[in-house]
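To start, the structure under review is shown below, and the notes come after it.
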Amino acid sequence: KDTFITVRNSGEGTLRITQINYSGSDSALFSTSSSVSEIAPSSTGIIYFKLSAKSRGNKSANLLIKSNDPITPVLNVSLYVSVVSPQISVAPAAINFGTMIPGNSKDSLIRISNSGNDILRVTSITITGTGNSKFSLPNGFSPFSLTASESKTISIRYLNNEIGTKTAAIEVTSD
């Protein structure tokens with residue numbers, strides 16, 4: 001996501017921004033998406049930058065704005081960002097439907113939870129494996145979102161129409 005800072009020229013001449021750099025431990029995660037190059041006296045300009053982080057946590061860097069300002073030729077702006085992300089968990093890890101008589105069905109529940117600190121988007125739930133035709137989602141599936149600490153219960157049905165053990169896997173696709 002792009003964010004911005006506003007630079008004000010309080011001088012009497014045109015402020016020329018000659019270079020924008022980042023320094024600090026997380027500087028490689030920051031980039032400038034667009035910037036003004038000149039700011040007239042008593043005017044403001046905007047520098048847009050973004051953070052490209054793949055992991056959660058606090059990120060920081062220094063934004064270094066080089067210009068023709070004779071008093072402050074390099075303006076150092078400290079940047080601090082807290083990166084949030086969803087974290088999916090599915091419980092239980094395995095379901096045992098037990099012993100059943102052929103022709104009967106049995107439902108069991110799984111709970112999909114978001115233990116992260118951002119919205120989790122669940123886009124699909126599929127049943128795979130050699131026995132997948134014996135299992136279903138009796139209530140169907142529609143994509144859904146979970147806020148931080150929210151969970152949703154999904155019903156899984158096993159239809160036993162023959163003797164023998166059947167196995168399958170439930171695949172939950174999310175961001």
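Details
- Electrostatic bookkeeping for residue 100 treats Lys and Arg as +1 and Asp and Glu as -1; over the other residues with beta carbon under 13 Å from its beta carbon, the sum is +2.
- Relative contact order of region 121-160, pairs being alpha-carbon contacts under 8 Å that are 6 or more residues apart, as %: 49
- For residue 117, nonlocal amide neighbours, meaning residues 5 or more places apart or on other chains whose placed amide H falls under 5 Å from its own, are 85, 87.
- Separation of region 72-127 from region 14-70 is 35 Å, based on Cα centroids.
- Distance (nanometres) between label positions extended 7 Å along Cα→Cβ at residue 71 and residue 16: 2.1
- Rel. contact order, % - alpha carbon contacts under 8 angstrom, at least six apart, region 71-118: 52
- Ellipsoid semi-axes for the chain, based on the Cα gyration tensor and the rule √(5λ), read 58, 13, 12 Å when sorted largest first.
- Total lysine pairs under 14 Å (Cα atoms) in region 49-175, excluding pairs fewer than 8 apart on one chain: 4
- About its Cα centre, the chain has a charge dipole of approximately 380 debye under the convention of +1 per Lys or Arg Cβ and -1 per Asp or Glu Cβ, with nothing else charged.
- Under 13 Å, Cβ to Cβ, from residue 77 - net charge with Lys/Arg +1 and Asp/Glu -1: +2
- Spacing of the two label points (7 Å from each Cα toward its C-beta) at residue 149 and residue 38, in nm: 5.4
- Extension gain, residue 139 to residue 165, is 6.9 nm, computed as 0.36 nm per intervening residue step minus the present C-alpha separation.
- Cα-projected label distance for residue 83 with residue 2, points at 7 Å along beta-carbon direction, nm: 2.1
- Solvent accessible area, Å² - residue 142, 1.4 Å probe, full protein context: 80
- The protection proxy used here, the mean number of other Cβ atoms lying within 10 Å of each residue, ranks peptides 59-69, 22-32, 8-18 as follows, highest first: 59-69, 22-32, 8-18.
- Summing charges over all other residues whose Cβ lies under 15 Å from the Cβ of residue 133, with Lys and Arg as +1 and Asp and Glu as -1, gives +2.
- Applying 1/(1 + (r/R0)^6) with R0 = 22 Å to the Cβ-Cβ distance of residue 173 and residue 111 gives a FRET efficiency near 0.85.
- Mean Cα-pair separation over length for the chain, i.e. relative contact order, pairs under 8 Å, 6 or more apart, %: 19
The values are calculated or read from the model by the stated rules, or taken from the named source; none is laboratory data. All values reported here derive from a predicted model rather than from experimental measurement. Please note: Cβ atoms are built from the backbone with ideal geometry, for glycine as well, and neighbour counts cover all protein chains shown. When the accessible area is computed, the model is the full protein with side chains, heavy atoms only, and any ligands, DNA or RNA have been set aside. Shrake-Rupley method; radii C 1.70, N 1.55, O 1.52, S 1.80 Å.
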